[in-house]
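See structure below.
Taken together, the values in this text are just the output of simple stated rules run on the coordinates, not laboratory data. Note that the structure is predicted; figures quoted are calculated from it, not measured. Cβ placement follows ideal geometry from the backbone for every residue including glycine, while neighbour counts extend to all protein chains displayed.
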Amino acid sequence: MSRKPIFAANWKMHKGPSETEDFVKSFLSKTQGKTFHAEIVIAPPFASLARLAELLHTASAGQNAHAIQIAAQNCSEYDAGAYTGEVSVLMLREFYVHYVILGHSERRSIFGETDKTINAKIHKAREANLKPIFCIGETLAEREGGNLETVLRTQITEGLRDVSEKDLAETVIAYEPVWAIGTGVTATAEQAQDAHAFVRSVIAELYGAEPAAKIRIQYGGSVKPGNAAELMACPDIDGALIGGAALEPQSFLEIIANGSATE
Ligand code: 13P
């Protein structure tokens, strides 16, 4: 089963509109004339979505600009109303947003998002035809305590509760071991592959073999130009969700080039 890898830059709370413009101009000049067998996505903070949409999806943006998809880093589980500080899925659609990162470990641990909230957001995203990048992953204590599989199984089962096979087909899973995020410690290719194969097996239990074979599972956690090729060569790894190393156009580009060359 050939799955197109997806490389997404999660900028977290970095880059306002002017830094977004600097990045995009530099990134586009570096990718001029190059094609990758990969999908490229940028997830800026909400405040930079309008500028990013203008840079990538207006008539004056070049062909290689149109090829880059936009993701939001979160969305509300509500449609509209008295929810101070929230952003709805329909608002995101106005900025050419096609993907939304949901369930990131920072949303879970710092902002108290539960599997139930994440599940509600996945449903809301699909109502607006946004594609969830659904993040899961264990802490070091959970891994060392022998609970890796239980934790991942619970996150997957609860997060995808009542999500149809049709909506699953529009969903990307991102396996991000919490202990590898922003720490410089990457999972070894073997650890990552084992976890990805397990995630795919849980999807097979829930949805059957074909949806499991089709779903893309990204790896996230200290992905760098130097480790991208080895990770992406693993049979169950279909791209990366990148934090720190995607803040620089050159290193984001090298990750894509190194990671998709092995396809
Ligand atoms: P780093 O690449 O900085 O480890 O962050 C990973 C991440 O959390 C992407 O969502």
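For the chain, what is one quarter of the convex hull surface built on the Cα atoms, given in nm²?
Values: hull surface 52.3 nm².
Dividing the Cα hull surface by four gives the mean projection, 13.1 nm².
Describe numerically, in nm with one decimal, the distance between label points set 7 Å from Cα along Cα→Cβ at residue 129 and at residue 213.
Once both label points are built, they end up 2.9 nm from each other.
May I ask you to compute the full-extension gain from residue 139 to residue 86, defined as 0.36 nm times their residue separation minus their alpha-carbon distance, rounded to one decimal in nm?
Values: separation 53, 0.36 × 53 = 19.08 nm, distance 2.75 nm.
Full-extension gain reported as 16.3 nm.
Using only the alpha carbons of the stretch 20-138, determine the length spanned along each of the three principal axes and report them from longest to shortest in whole angstroms.
Result, largest extent first: 44, 34, 24 Å.
Need the full-extension length gain, residue 166 to residue 154, defined as separation in residues times 0.36 nm minus the C-alpha distance. One decimal, nm.
Numbers: separation 12, 0.36 × 12 = 4.32 nm, distance 2.12 nm.
Length gained, residue 166 through residue 154: 2.2 nm.
Go ahead and run the numbers for FRET between residue 78 and residue 2, Cβ-Cβ distance against an R0 of 25 Å, rounding to 0.05. Spell out each step's value before the answer.
Working: r = 38 Å, r/R0 = 1.52.
Approximately 0.05, to the nearest 0.05.
Arranged by the count of other C-beta atoms within 10 angstrom, fewest first, what order do 260, 88 take? Don't jump to the answer; show the numbers that get you there.
Numbers: 260 22, 88 17.
Neighbour counts put them in this order, fewest first: 88, 260.
Hey, fewest Cβ within 10 Å first, where do 162, 238 land in order? Provide the component values of the computation, followed by the final result.
Numbers: 162 8, 238 26.
Fewest to most other Cβ atoms nearby, the residues stand as 162, 238.
Restricting to Cα atoms and excluding each atom paired with itself, what does the Kirkwood estimate give for the stretch 135-263 in Å? Can you show the working numbers first?
Values: mean 1/r = 0.0671 Å⁻¹.
After inverting the mean inverse Cα-Cα distance, the result is 14.9 Å.
Please express the Cα-Cα pair-distance distribution P(r) of the stretch 103-159 as a list of whole percents, one per 5 Å bin, running from 0 to the bin with the greatest distance.
All Cα pairs considered, the percentages come to 4, 20, 26, 25, 15, 6, 3, 1.
Using a Cα distance threshold of under 17 Å, what count of lysine pairs results for the stretch 120-263 when pairs must be 8 or more residues apart or interchain?
Numbers: 121/131; 121/166; 124/166; 131/166; 131/214; 166/214.
Counting lysine pairs in the stretch 120-263 gives 6.
Go through the stretch 221-231 residue by residue and turn each phi into a ³J(HN,Hα) via Karplus (6.51, -1.76, 1.60, θ = phi - 60°); whole Hz please, and just put x for glycine and proline.
For the stretch 221-231, the Karplus curve yields x, 6, 6, 9, x, x, 10, 5, 4, 5, 5 Hz.
What is the mean projected area of the alpha carbon convex hull for the stretch 57-103, to one decimal in square nanometres?
On the way: hull surface 15.9 nm².
Taking a quarter of the hull surface, the average projection is 4.0 nm².
Just going by the charge dipole of the stretch 48-194, with Lys and Arg at +1 and Asp and Glu at -1 on Cβ, which of 101, 160, 82 is farthest out on the positive end?
So the residue furthest toward the plus end is 82.
Which one, 172, 195, 185, is farthest towards the positive end of the dipole of the stretch 160-210 when Lys and Arg carry +1 and Asp and Glu -1 on their Cβ?
Projecting each Cα onto the dipole axis, the largest value belongs to 185.
Near residue 25, which aspartates and glutamates are there with a Cα under 14 Å away, not counting those fewer than 8 places off in the same chain?
Once the sequence-local aspartates and glutamates are set aside, what remains near residue 25 is 54, 248.
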